[in-house]
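The values are calculated or read from the model by the stated rules, or taken from the named source; none is laboratory data. Every value quoted in this text rests on a predicted model; they were computed, and no experiment measured them. Note that each Cβ is placed from the backbone with ideal geometry, even for glycine, and that neighbours are counted across all protein chains shown.
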Amino acid sequence: METLELRAQVLSCAPRCAAYGLEEEEQILQFAAVTLLLGEDFDSDPDYVWAGEILRDPGLSAEERGALLVAVAELLVEERDA
């Protein structure tokens, strides 16, 4: 993926992130990273129901939701590629 394409991908995530209360730059980058790992619509994909649950969990701060989202996605990719 070229730099301009990557930038456009990250910027396109911002409105979706805002819907989940992820508004800080780091949180947007975390969300964008998960789109690269799991697919553009991971947050509505029935295979990744857990992602929506994390994103909407009122018991977690935005920082915790972003970090947990990336951590779980990375584990899934590691397992898939093993």
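Would you say Gln9 is assigned to a helix (DSSP H, G or I), modelled with pLDDT of 95 or more and of a type in the set (S, T, N, Q)? Step through it out loud before you land on a result.
Working: assigned to a helix (DSSP H, G or I): yes; modelled with pLDDT of 95 or more: no; of a type in the set (S, T, N, Q): yes.
In short, no.
For the stretch 15-34, give me the residue count where each residue is more than 14 Å from Asp57 (Cα to Cα) and of a type in the set (Gly, Ala, Ser).
Looking only at that region, the number is 3.
I need every pair where a residue in the stretch 1-19 that is surrounded by 12 or more Cβ atoms within 10 Å (Cβ to Cβ) has its Cβ under 9 Å from the Cβ of a residue that is of a type in the set (Phe, Trp, Tyr), sequence separation at least 6 or different chains.
Val10/Phe31; Cys13/Phe31; Ala14/Phe31; Arg16/Phe31; Cys17/Phe31
Give me the pairs, please: first residue somewhere in the stretch 24-46 and small (Gly, Ala, Ser), second residue anywhere and at pLDDT 95 or above and part of a helix (DSSP H, G or I), beta-carbon distance under 6 Å, and either six or more positions apart or on two chains.
Short answer, once both residue conditions are applied: Ala33/Val70.
Test of understanding: among Gly21, Gly59, which residue is at positive phi and either within 12 Å of the chain's Cα centre (by Cα) or not in a helix (DSSP H, G or I) (or both)? If you could, list the steps in order and put the result at the bottom.
Numbers: Gly59 fails: at positive phi.
After ruling out the rest, the residue left standing is Gly21.
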